[in-house]
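Undergrad: Input: one structure, supplied below.
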Amino acid sequence: MPDNSEISIYVFDDTIVVKNKKNLQKQFPRCGITKVESFVLDMAKQGHLDELLC
């Protein structure tokens, strides 16, 4: 059974893009965020990435 919870994180100057294997994605403004991994983990814990993790 494939693991559908795998995501990719792309960091650009002004945007953070979180994308899953099905090519669904969410974008967040970067706004000076330097600890991207912590930011994405917090977004996942708060349920903001639920539609990408199913």
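Undergrad: Taking θ = phi - 60°, what integer Hz values does the Karplus form 6.51 cos²θ - 1.76 cosθ + 1.60 yield along region 8-23, in sequence order, with x for Gly and Pro?
TA: Whole-Hz 3J(HN,Hα) from phi for region 8-23: 10, 10, 10, 10, 10, 4, 10, 9, 10, 10, 10, 10, 9, 5, 8, 6.
Undergrad: Would you mind working out the accessible area per residue for the chain, using a 1.4 Å probe, and quoting it in Å²? Intermediate results must be reported in sequence, preceding the final value.
TA: Numbers: 4030 Å² over 54 residues.
Accessible area per residue: 75 Å².
Undergrad: So what's the projected area for the chain, the Cα convex hull averaged over all directions, in nm²? Show your work: numbers first, answer last.
TA: Details: hull surface 14.6 nm².
For the Cα atoms of the chain, the hull's average projected area reads 3.6 nm².
Undergrad: Report the relative contact order of the chain, percent, no decimals, based on alpha-carbon pairs under 8 angstrom and at least 6 residues apart.
TA: On the way: 61 pairs, mean separation 18.1, N = 54.
Worked out over the chain, it gives 33 percent.
Undergrad: 222 nm [θ] for the chain, helices only, -39500 (n - 2.57) per DSSP H run of 4+, per residue, to 500?
TA: Values: 1 runs with 10 residues, N = 54.
Calculated from helices alone, the mean residue ellipticity at 222 nm is -5500 deg cm²/dmol.
Undergrad: Set the Förster radius R0 to 30 Å, insert the Cβ-Cβ distance between VAL11 and ASP50 as r into 1/(1 + (r/R0)^6), and round the FRET efficiency to 0.05.
TA: Numbers: r = 21 Å, r/R0 = 0.72.
About 0.90, to the nearest 0.05.
Undergrad: Still on this model: Within the chain, what whole-number % of the accessible surface is contributed by carbon and sulfur, with the 1.4 Å probe and all protein chains included in the calculation?
TA: Working: 2080 of 4030 Å².
Here it works out to 52 percent.
The values are calculated or read from the model by the stated rules, or taken from the named source; none is laboratory data. If you're wondering where the values come from, they're calculated on a predicted model, not measured in any experiment. Using ideal geometry, Cβ is built from the backbone for each residue, glycine included, and neighbour counts are taken over all protein chains shown. To get the accessible areas, we keep the full protein, side chains included, count just its heavy atoms, and leave off ligands, DNA and RNA. Shrake-Rupley method; radii C 1.70, N 1.55, O 1.52, S 1.80 Å.
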